[in-house]
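S.K.: My structure is below; once you've seen it, I'll send some questions.
Bear in mind these aren't lab numbers, they're just calculated from the coordinates by the rules spelled out. This one's a predicted model, so the numbers in the text were calculated from it and none came from an experiment. Here the Cβ is made from the backbone with ideal geometry for all residues, glycine too, and neighbour counts use every protein chain on show.
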Amino acid sequence: MISTQQNSSSAPGAVASVRAVAHSNIALVKYWGKRSSVVPDLNLPAVGSLSMTLADLRTETEIRGADSDSFELAGETLDEGATRKVFMHLDRVWAGLGHPGERPTCAVRSKNYLPTAAGLASSASGFAALTLAAHEAFAGDGRLDLAQLSALARRGSGSAARSLWGGFVRLEAGLAEDGSDCIAAPLAPANHWDLRLIVVHTARGAKAVGSTGGMQRSRETSPYFPAWIESSLADLNGAQAALLTRDLPRLGTIMEHSCFKMHACMFATQPPLVYWNGRTLDVIHALWSAREDGLMGYATSDAGPHVKVLCSAEHAPALAARLAAVPGVEAVQSLSTGPDAYVERIEP
């Protein structure tokens, strides 16, 4: 369960000093594309998704009251666009708590313990931590439930709705125009299944096309986008059943199929969205070769060049070694299932 340290004596309008930690997640059944909405700020996904929260890859965010708004990521001040997104999200949380008037000014400091904008879901952990921190900093006597916090996190980043929980999480696309049924919920805790996700880094630096812009381009131009939408629910339900029964071959097969359908939709976008590089394909082929040798691992890849391999804890060391040997691979991480996000009060 997500933990908070509460102080009911905090007055509305005051800013408590807080620190929140949320872990990244990787969608095993993918999310790509946004639902049309009369309110674009709702950030509604076109399809649901099912994810695994990851140990180690996380964001830590602190909020304190200040004379003026400021935001730093890893000690550096970012460009105006990135800063604006942070404070727009604080405004959402302030309004979501029902506070009148303008939000108090804040100093926000974050650090990502994973590469930023590289297809490793830094926005998921980032906006989940920001949501929890802002909620605790602004709440006073009123608090939102986890479903409401999930919906708020989603408005910052679609995948952030899933990073509030550890283990395995499902995000529903929903049907309501106001997004009230587009929320995440945990399926199984971190100790449900001793799996590993091997992250194979095939490049350094940020990707050229951000996910938000890429999703819009796919929705508008890819002839495969409707088929991607129509096939999603069956993948979600099949993956959930496989997860709950600990059926790795079935879960892995659905996961790979979801990944390749998503990238096929991207490839058919105009102009094409090709997030992979040559090493991405080399790693996938090496994985398939290892699977023929009895090392049961399954591939997925987000909007970035890196490959993630889902496997048992038993096979993880041998698979990691095989994939690290692929020429051009930058680094390999073997990650277990991560914990719930949490928030705590700190000294001002």
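S.K.: What's the long-distance tail for the stretch 228-300, i.e. % of Cα pairs beyond 20 Å?
M.R.: 41 percent
S.K.: Now, a different point. With angles folded into 0 to 90 degrees, how steeply does helix 211-221 sit against the dominant principal axis of the chain? Use alpha carbons for both and round to 10.
M.R.: 60 degrees
S.K.: For Kirkwood radius over Cα pairs in Å, one of (i) 21.8; (ii) 20.4; (iii) 23.8 was computed from the structure I shared and the rest are decoys. Which label?
M.R.: Given (i) 21.8; (ii) 20.4; (iii) 23.8, the calculated one carries the label (ii).
S.K.: What order do you get for M296, M262, M88 when you list them from fewest to most C-beta neighbours inside 10 Å?
M.R.: Result, fewest neighbours first: M88, M296, M262.
S.K.: If neighbour count is taken as other Cβ atoms inside 10 Å, put V18, V307 in order from fewest to most.
M.R.: V18, V307
S.K.: Taking H placed 1.01 Å from N in the peptide plane, check which residues at least 5 places from I183 or on another chain put their amide H under 5 Å from its amide H.
M.R.: Correct list: E172.
S.K.: Sticking with this one: Give the Cα extents of the stretch 195-335 along the principal axes, in whole Å, largest first.
M.R.: For the stretch 195-335, the Cα spread along each principal axis is 43, 36, 23 Å.
S.K.: Can I ask one more? Quick check: Cα centre of the stretch 274-297 to Cα centre of the stretch 41-60, how many Å?
M.R.: The two parts, judged by their Cα centres, are 24 Å apart.
S.K.: Top mean-square fluctuation among S125, S49, S231, Gaussian network model of the chain, C-alpha springs under 10 Å?
M.R.: Among S125, S49, S231, the largest mean-square fluctuation in the Gaussian network model of the chain belongs to S231.
S.K.: Provide the per-residue ³J(HN,Hα) series for the stretch 171-185, in order, calculated from phi with Karplus coefficients 6.51, -1.76, 1.60 and θ = phi - 60°, each as a whole number of Hz, with x at glycine and proline positions.
M.R.: Going residue by residue, I get 10, 7, 5, x, 10, 5, 5, 8, x, 5, 9, 9, 9, 9, 8 Hz, with x marking Gly and Pro.
S.K.: I would also like to ask the following. Count the lysine pairs in the chain whose Cα atoms sit under 17 Å apart, keeping only pairs 8 or more residues apart in sequence or on different chains.
M.R.: Summing the qualifying lysine pairs gives 6.
S.K.: Where the only charges are on Cβ atoms (+1 Lys, Arg; -1 Asp, Glu), what is the dipole of the stretch 14-163 about its Cα centre, to the nearest 20 debye?
M.R.: For the stretch 14-163, the charge dipole is close to 580 debye.
S.K.: Choose one answer from A325, A124, A303: the residue with the largest mean-square fluctuation in a GNM of the chain with alpha-carbon springs under 10 Å.
M.R.: So, out of A325, A124, A303, the one fluctuating most is A325.
S.K.: Got the relative contact order for the chain handy, in percent, Cα pairs under 8 Å and 6 or more residues apart?
M.R.: 26 percent
S.K.: Defining a contact as two alpha carbons under 8 Å apart and six or more residues distant in sequence, what relative contact order in percent does the stretch 258-325 show?
M.R.: Relative CO of the stretch 258-325 lands at 28 percent.
S.K.: Report the gain in length on full extension from M296 to D141: 0.36 nm times residue separation, minus Cα-Cα distance, nm rounded to one decimal.
M.R.: Contour length minus Cα-Cα distance gives 50.8 nm.
S.K.: Further question on the same structure: Dipole of the chain, Cα-centred, from +1 at each Lys and Arg C-beta and -1 at each Asp and Glu C-beta, to the nearest 20 debye?
M.R.: 500 debye
S.K.: Using Cβ counts within 10 Å as a stand-in for footprinting exposure, how do Y342, Y113, Y275 rank, fewest first?
M.R.: Y113, Y342, Y275
S.K.: What is the gain in length, in nm to one decimal, between W288 and D194 on full extension, counting 0.36 nm per residue of separation less the C-alpha to C-alpha distance?
M.R.: In short, 31.7 nm is gained.
S.K.: Add -39500 (n - 2.57) for each DSSP H run of 4 or more in the chain, then divide by its residues: what number comes out at 222 nm, to the nearest 500 deg cm²/dmol?
M.R.: Mean residue ellipticity at 222 nm (helix-derived): -11000 deg cm²/dmol.
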